[in-house]
Each structure stands twice: as structure tokens, then as C-alpha cells.
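Have a look at the structure below before the remarks.
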Amino acid sequence: MNADSGTNPKTGTLTIGNEHHSFPIHHGTSGPDVLDIGKLYGKAGIFTYDPGFTSTASCESKITYVDGDEGVLLYRGYPIEHLAERGDFLETSYLLLYGDLPTAAEKKDFDFRITRHTMIHEQMVRFYQGFRRDAHPMAVMVGCVGALSAFYHDSIDISDPHQRMVASMRMIAKMPTIAAMAYKYTSGQPFVYPKNDLGYSANFLRMCFAVPFEEYQVDPVLARAMDRIFILHADNEQGASSSTVRLAGSSGANPFACIAAGIACLWGPAHGGANEAALQMLSGIGTPERVPDFIRRAKDPDDSFRLMGFGHRVYKNYDPRARVMRDICHEVLADTGADDTLLQVAMELERVALHDEYFIEKKLYPNLDFYSGITLNAMGFPPSMFTAVFALARTAGWIAQWMEMISDPSQKIGRPRQLYTGSTRRDYVDIKRRG
Ligand code: SDX
């Protein structure tokens with residue numbers, strides 16, 4: 001393929017056999033241009049082939065920009081470091097949804113609208129009882145979020161902008177309640193209802209850790225840490241789970257079902273499940289002295305072991321979120337006085353890996369999940385809740401991505417094709433005549 005002449009070409013040409021096919025090149029405000037090959041099959045009878053989407057842009061978006069080589073993450077143009085240091089999670093949710101930082105009045109109204117939707121339908125409480133007590137919280141989250149569409153029929157008509165916004169408010173507002181109830185149910189403790197005079201993150205901590213027989217005092221250091229952790233997890237462009245939400249939404253499925261699909265995808269250890277896997281890995285290593293053995297295993301092509309919380313499809317530099325998360329980790333450990341052995345193991349692992357040729361050559365750096373598990377563990381969450389916390393925060397990004405997709409008048413159902421390598425046509429053989 002040649003990008004036609006000039007530094008800012010408008011078209012590119014693909015030569016297939018002795019045929020030349022020209023396609024438009026679209027330029028964004030940042031990041032790589034895209035070759036629009038939508039008409040390739042019609043012109044040349046050939047598909048592109050990119051199973052992991054390593055070189056494929058699935059959509060146009062104005063929400064989040066990631067420069068993996070530079071380790072940059074921008075939400076609507078604002079650096080993640082600025083938002084995590086100076087803003088709060090509901091401000092970030094507003095920014096992702098509406099595209100600009102709210103004024104003081106807009107923020108007050110948004111916070112009020114969110115607090116009005118923090119409760120879930122009382123009948124849903126019985127829905128939880130259907131799970132075994134040892135159910136993974138992510139299994140409960142997938143089930144309960146998908147079930148929301150059975151309780152909120154007045155916000156599932158996606159053709160109605162008002163209903164789309166109500167569903168978005170409900171999703172952001174109810175996720176802390178749903179996640180906290182999943183934790184309480186699996187821990188055998190009574191549910192704690194939201195208390196709307198608390199902030200979003202403080203409310204979540206109280207719903208998780210309050211018990212009936214004593215007043216729960218929210219630790220302001222932990223509430224602030226929780227809020228910043230939510231900001232770091234809110235969005236990251238077209239990751240696997242965001243792409244799942246977009247694909248589910250492209251069929252016209254209701255927003256609750258789309259978010260449930262995103263939660264299911266996030267659960268995988270290669271994606272949002274890596275924070276739980278990373279803590280298990282660090283616990284398995286046990287002491288800084290054992291790090292070299294595991295580095296050796298991670299480099300061994302015959303060993304399936306990988307450093308969980310390391311590497312990323314896009315970040316080929318230090319994940320900017322991991323840097324902030326490491327600072328939050330230090331703050332939380334200092335505040336809680338929790339044992340810092342796992343942090344020492346993580347920091348030794350990072351130190352050794354970042355000086356090792358294998359990791360340098362493959363551009364493998366700590367990602368968001370590397371320090372989050374240690375932090376959440378110190379805050380009192382069991383490892384099974386780590387990805388549920390991730391899903392709670394990512395709901396803001398998923399909803400923004402879904403809203404952008406569903407509001408695009410040119411939107412159509414996503415329907416990829418394939419490279420078929422199965423049997424060619426053959427006639428049916430009666431069972432009496434087989435083998
Ligand atoms: C998240 O997309 C997103 O934005 C995701 C996320 C978000 O905010 O939504 O950022 C959240 O999911 C972060 C990633 C969490 N996952 C993990 O930490 C799991 C461990 N990491 C790997 O599984 C892996 O790095 C991935 C899945 C994250 C990325 O995999 P890629 O891009 O498909 O890269 P790859 O598997 O092709 O690896 C490239 C090379 C391979 O070596 P070769 O086959 O080329 O010889 O690097 C090696 C891999 O073997 N490699 C690792 C490694 N990750 C990649 N080797 C050791 N340890 C690792 N962690």
C-alpha cells in the first residue's frame with residue numbers, strides 16, 4: 001500500500017495482484033491516521049485480516065486518547081494525572097459523558113441526580129438470594145446488571161435521548177450499590193443501603209464495610225484514595241470490554257444488557273481480572289528474594305507463566321495510571337499501617353524487570369493492575385472484589401462509549417467477517433453408511 005504523495009495524504013492505494021485500489025485516509029486531532037477500507041470487499045472481493053485488532057480502528061471517538069509510546073492518557077483532552085490529582089470521580093464521569101468539565105452549578109446538579117438513583121429496586125434484593133454464597137462477585141455483577149433491564153422499563157428505549165440519559169445516570173449511580181451488595185452477600189453480611197449525605201466513594205466504602213452493630217466512620221484518606229482509583233479506571237479507549245459494549249450496543253440492545261456484556265469481558269485475567277491475578281502472583285512470589293525465579297519463568301517461552309499486571313497492547317511505555325496508583329498504594333499502606341511485604345515484592349519485581357533486556361525489548365511495563373491489587377487489599381477488599389471495583393469505575397467510560405456510539409446517526413450493527421478454513425461443501429452421509 002502507498003499513502004499517496006504529500007505529508008498529509010488524503011488517500012492510500014492498495015495494490016492487489018495487478019489491480020490498484022484507492023481508499024480515503026481520515027486524519028484525527030491526535031494519533032495515527034486511518035485508511036478507510038469500508039469499500040475494500042466491494043472493490044476487490046477481499047477482507048482485511050486482523051484477529052486481535054492490533055492495527056484496526058473500530059470507530060471514531062472523541063472521548064479518550066491514549067499515546068502508548070509516550071505513556072499518555074487523556075479524558076476529553078485532560079491528562080489523567082491532572083484529573084486524578086485535582087478532580088473527583090463524578091466530575092470525571094460528567095466529563096466523559098458530556099465532553100467538558102462541569103461548572104460548579106453543573107457539578108452540583110450532576111451529583112444530586114446521581115445520588116437520586118443510588119438505590120436498586122427492592123425486589124432485586126431477592127435476586128441476590130439466588131446465588132450461592134461462594135459465587136464470585138463478578139458473576140453476581142453480570143447477573144444483577146443484566147437484570148436491571150427487567151426492573152427499569154422506563155429507561156430502555158434507546159431511541160429516546162431522555163431515556164438514554166436516565167439509564168446512564170442509573171448505571172453510574174447504582175454500580176456502587178450493586179457491587180457492595182455483591183460483596184456483602186458473598187461475605188454473609190447484611191446489605192447496607194446507600195447514605196446520600198456521603199460522597200460517591202465514601203458511600204461505597206460504607207456500603208462495603210459498615211456493619212449494623214457499630215457506627216462506621218469513613219476514613220477520609222481511604223475515601224479520597226477510592227475516588228482517585230475510580231478516576232484511573234474510568235476509561236481507556238477501545239479496550240476489549242469497551243469494544244464489547246459498543247458491539248452489543250450496535251444491535252440496539254438496552255444499555256443495562258450492554259454494560260453486563262462489558263462486565264463479563266472485563267472479568268478475564270488478560271484484562272480487568274489481572275488485578276486479582278497480580279495480587280495472587282505477588283503473594284505466590286512471597287518475598288523480594290524470590291523475584292529472579294519468577295522473572296526467569298516469565299521469560300521462558302515454554303512456561304505459560306506471565307507477569308500479571310505487566311504488559312499492555314497499547315502502552316509500550318509506563319502506564320501513566322500505574323504511576324499514580326503506585327503513589328496511592330504508598331498513601332493507603334501508610335494510612336492503614338497494612339503490611340507492605342507485597343509492595344516490596346512488587347517494587348523489586350518492577351526494578352528487576354525494567355532493567356531486563358527481555359522486558360525492555362518487548363516494551364513491557366507495569367500497567368494499571370500491577371499496584372491496584374495491593375492497594376485494594378490494604379483497603380480491606382478481598383481479591384475477588386478487585387475486578388468488581390474496576391467494573392464499577394469503568395461503567396462511566398462504558399456508558400460514555402455506548403452513548404457516543406448510539407447517538408451517531410451513521411451507526412450500524414457491527415458484523416465482522418472471517419477467513420474460512422473449514423470443510424468445503426460435501427454431501428450428507430446416512431449414519432448407516434458412516435465409518
Ligand atoms: C488491562 O485494553 C486496555 O486498555 C486494557 C486496560 C483498560 O484500562 O481497559 O488497560 C486494562 O486489561 C491492562 C492489562 C492487564 N493484563 C495483564 O496484566 C495480564 C498480563 N499481560 C499480558 O497478558 C499481555 O501483556 C496483554 C494481554 C496485556 C497484552 O497482550 P498483547 O498486546 O496481545 O501482547 P502479546 O501477548 O502478543 O505479548 C507480546 C510479547 C509476547 O512475546 P512473544 O510471543 O512476542 O515472544 O510480550 C510477551 C508475550 O509472551 N508478554 C509477556 C507479558 N505480556 C506480554 N511476557 C511476560 N509477562 C507478561 N506480562
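Test of understanding: extend the Cα→C-beta vector of GLU122 to 7 Å, then name every residue of the range 207-223 with backbone N under 12 Å from that spot. Those under the cut-off are none; the list is empty.
Computed over the range 209-294, the range of Cα coordinates on each principal axis works out to 50, 46, 22 Å, biggest value leading. If you look at the Cα atoms of the chain, you get an Rg and a Dmax of 23.6, 79 Å. Rounded to the nearest whole Hz, the Karplus-based 3J(HN,Hα) values (6.51 cos²θ - 1.76 cosθ + 1.60, θ = phi - 60°) of the range 388-393 follow the sequence 5, 5, 4, 5, 4, 5, with x at glycine and proline. The C-alpha atoms of the chain define a longest principal axis, and helix 137-147 lies at about 70 degrees to it. Distance between the C-alpha centres of the range 381-409 and the range 215-229: 21 Å, rounded to the whole angstrom. For the residue pairs LYS10/LYS62; LYS299/LYS362; LYS39/LYS412, the C-alpha atoms sit more than 18 angstrom apart in LYS10/LYS62.
Near ASN377, once Lys and Arg are set to +1 and Asp and Glu to -1 for all other residues with Cβ below 12 Å from its Cβ, the sum equals -3.
Between helix 274-285 and the chain there is an angle of about 70 degrees, using the helix long axis and the longest principal axis of the Cα atoms.
For the range 361-435, what does the alpha-carbon gyration tensor say about shape, rounded, prolate or oblate, given a ≥ b ≥ c as the root eigenvalues, a/c under 1.5 as rounded, and a/b over b/c as prolate? It comes out prolate by the Cα gyration axes.
At full extension, SER407 and PHE305 could sit 32.5 nm farther apart than now, given 0.36 nm per residue minus the alpha carbon distance. From the residues LEU74, SER61, GLY42, which one has its Cα farthest along the dipole of the range 35-82 in the positive direction, the dipole being from +1 and -1 charges on Cβ of Lys/Arg and Asp/Glu about the Cα centre? Ranked along the dipole, the leading option is GLY42.
Using the Cβ-Cβ distance between ASP109 and TYR358 with R0 set to 56 Å, the FRET efficiency works out to roughly 0.60.
Note the angle between two axes, namely the Cα long axis of helix 89-98 and the longest principal axis of the Cα atoms of the chain, as a number of degrees from 0 to 90, rounded to the nearest 10. Between helix and principal axis, roughly 30 degrees. Taking the average, over residues, of other Cβ atoms within 10 Å as the packing measure, peptides 10-21, 132-143, 113-124 rank 132-143, 113-124, 10-21 from highest down. HIS121 sits among other residues whose Cβ lies under 11 Å from its own Cβ, and their net charge, with Lys and Arg +1 and Asp and Glu -1, is +2. Amide hydrogen proximity for THR11: with H placed 1.01 Å from N in the peptide plane, the residues at 5 or more positions away or on another chain lying under 5 Å are ASP4, ILE25. Relative protection proxy for 265-275, 56-66, from highest mean packing down: 265-275, 56-66 (other beta-carbon atoms within 10 angstrom).
Bear in mind that the values in this text are calculations on the coordinates, not laboratory data. In this text the structure is predicted, and so the values were computed from the model without any measurement. Counting neighbours? That spans all protein chains shown, and the Cβs are built from the backbone with ideal geometry, glycine included.
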